[in-house]
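Report on one structure; see the data block that follows.
The values are calculated or read from the model by the stated rules, or taken from the named source; none is laboratory data. Please read these numbers as outputs of a predicted model, since none were measured by experiment. Positions of Cβ are backbone-derived with ideal geometry, glycine not excepted, and every protein chain shown enters the neighbour counts.
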Amino acid sequence: MENTKELEAMIRNIVKEIKGSGTAVNSSGTSGSESKDGIFQDVDSAIVSAKKAQQEYSKCSMDIRNQVVEAIRTDLKPYVGKIAKDAVEETGMGKVEDKITKINLALNKTPGVEDLRPETFTGDHGMALYELTPYGVIGAVTPSTNPPATLINNAIGMLAAGNAIFFSVHPGAKKVSRWLVSKLNEIAFKVTGINNLVVTIEEPSIEAAQKMMQHPDIAILVVTGGPGVVRQALSSGKKTIGAGAGNPPALVDETADIAKAGKDIVWGASFDNNVLCTAEKSVVVVESVANRLIESMQSAGAYVVKDERKIKHLLDMTLTDKGPNKKYIGKDASFILDAAGLPYTGDPKLIIMKTEKTHPFVIQEMLMPIVPIVTVNNFEEACETAVMIEQGLKHTATMHSKDLTRINKVAKVINTTIFVVNGPSFAGLGVMGEGPTTLTIATPTGEGTTSARHFARRRRMVVTDGFSLK
């Protein structure tokens, strides 16, 4: 303990000596409840300390913010495997190898300070400058389905924008989330000399989340979770960025590369056992190619259930009056098949079956590797059915087709935030696809795929009589 105190004092002294470089100094030290790791006993102490930390952080240069982001990318790399393993063990959801992919994606492809692009207008009357500036302390709610990746993705974007963060983590992922918050706080302190830029509490709860949402020192809420918590955040009266539920359909028409479509759908729908809100939750396929698609999906590792009684048994087992049975959310396909008493060989990745478009497996987001297949007569019916299944959530959809006119039509009418063409759903997050990544997809509040610029205030400064070279 003494060595730790001496090291912190040494770092602060060094920071003060190079004050001119833009590095900030935490003049309040470890105030609040004296937390040195960002973990507090109560909401108020955590937020008050984060506010003091952000006031110091706001004095930092953009270069320092960039150093914080790059340190997060570098310093967390050795722990990626541990974080993924801990997340699966604690939550009981997903696959270690897929969580490793998601965590690396968040580390490597989350935009940093480069996302904060200023705008300038000049003319006869001077100059107008728009810049993106910090909100202050952000209250961020993270889910149990993707806890580490969401937390890292949010932290990079929010710190890049100059904010401090109070993470209201899911109680079902509190251990791995606490460890990660502590590590992020340590990394930020190493660069800036400021403690408590990233904070949480020892024992998260619904009551603590509610208190955080109402706290006067929380400037903005960023919620990644179910519709209930998003509605609660929206009712707080604060600016809210809300990432809600999705029910992504995959549309396949007769022009598609069926072999590739089958492989891509299995790949995307089975990734991390379907807990991603962007994952394919159902398939709508034109009848003339339906059997070929199912054969392709089988070749890629899907297990087909044909007996209606077995499908009904699976439904009764996995869906309750209150929603998907938590016992099976995020579990391997083999775990679900074993529980259902269905024999299989090898390592099935996905469970599929033909159903009607109104079947509960189609309408309900299950968050498990069960994907129903709905057959239709033609493309027009496929388009209407996919729009109905998506339910206006405006989240994600995928399509497999070689007809550009049809692709364009579906993209317009389904009106989702993410639309992936001829690829697995996770391409929309940057895995084997172009573009930056995000784990907070704000569909209810309209920001879409969020990044650092969404966690900053857009401010305008006007200068008259000058600053124009025309």
Only one of (1) in a helix (DSSP H, G or I); (2) touching a strand residue (DSSP E or B) at 6+ places or on another chain (Cβ under 8 Å) does not apply to Val284, and that is (1)
Quick check on region 47-61. Is at least one of its residues touching a Lys or Arg at 6+ places or on another chain (Cβ under 6 Å), among the charged types (D, E, K, R) and crowded, with 17+ Cβ neighbours inside 10 Å? no
- Message: I'd like to know if region 390-411 contains one or more residues that are within 26 Å of Ala233 (Cβ to Cβ), of a type in the set (S, T, N, Q) and either under 16 Å from the mean Cα position of the chain (by Cα) or assigned to a loop (DSSP other than H, G, I, E, B) (or both).
- Response: yes
Exception for Ala256 within (1) more than 27 Å from Thr405 (Cβ to Cβ); (2) in contact with a strand residue (DSSP E or B) (Cβ under 6 Å, 6 or more places away or on another chain); (3) surrounded by 15 or more Cβ atoms within 10 Å (Cβ to Cβ) falls at (1)
Given (1) within 21 Å of the chain's Cα centre (by Cα); (2) of a type outside the set (Gly, Ala, Ser); (3) in the same structural domain as Asn408 (by TED's automatic domain parsing), Arg231 misses just (3)
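Determine whether region 65-82 contains at least one residue that is acidic (Asp, Glu), buried (at least 19 other Cβ atoms within 10 Å of the Cβ), out of contact with any strand residue (DSSP E or B) (no Cβ under 6 Å at 6 or more places or on another chain) and not in a strand (DSSP E or B).
Let us first name the residues in region 65-82 that are acidic (Asp, Glu), namely 70, 75.
Of the ones still in play, those that are also buried (at least 19 other Cβ atoms within 10 Å of the Cβ) are none.
Checking region 65-82: not a single residue is acidic (Asp, Glu), buried (at least 19 other Cβ atoms within 10 Å of the Cβ), out of contact with any strand residue (DSSP E or B) (no Cβ under 6 Å at 6 or more places or on another chain) and not in a strand (DSSP E or B).
Considering only residues that are in a loop (DSSP other than H, G, I, E, B) and small (Gly, Ala, Ser), look in region 89-125 and name the one that is farthest from Leu350 (Cα to Cα). Full working, then the answer.
The initial filter retains those residues of region 89-125 that are in a loop (DSSP other than H, G, I, E, B), namely 92-95, 110-112, 116-118, 124-125.
The next check asks that each one be small (Gly, Ala, Ser); those that pass are 92, 94, 112.
Working: Gly92: 18, Gly94: 13, Gly112: 36 Å.
Once the filter is applied, the top-ranked residue is Gly112.
Looking for whichever is over 18 Å from Ser49 (Cα atoms), of a type in the set (D, E, K, R), in the same structural domain as Gly94 (by TED's automatic domain parsing) and assigned to a helix (DSSP H, G or I) here; the options are Lys183, Lys174. Which one fits? If you could, list the steps in order and put the result at the bottom.
Details: Lys183 fails: over 18 Å from Ser49 (Cα atoms).
That would be Lys174, the only listed residue that is over 18 Å from Ser49 (Cα atoms), of a type in the set (D, E, K, R), in the same structural domain as Gly94 (by TED's automatic domain parsing) and assigned to a helix (DSSP H, G or I).
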All-but-one check, Gly433 against (1) surrounded by 13 or more Cβ atoms within 10 Å (Cβ to Cβ); (2) in a loop (DSSP other than H, G, I, E, B); (3) in contact (Cβ under 8 Å) with a residue 24 or more places away in the chain; (4) not basic (Lys, Arg), failing number (3)
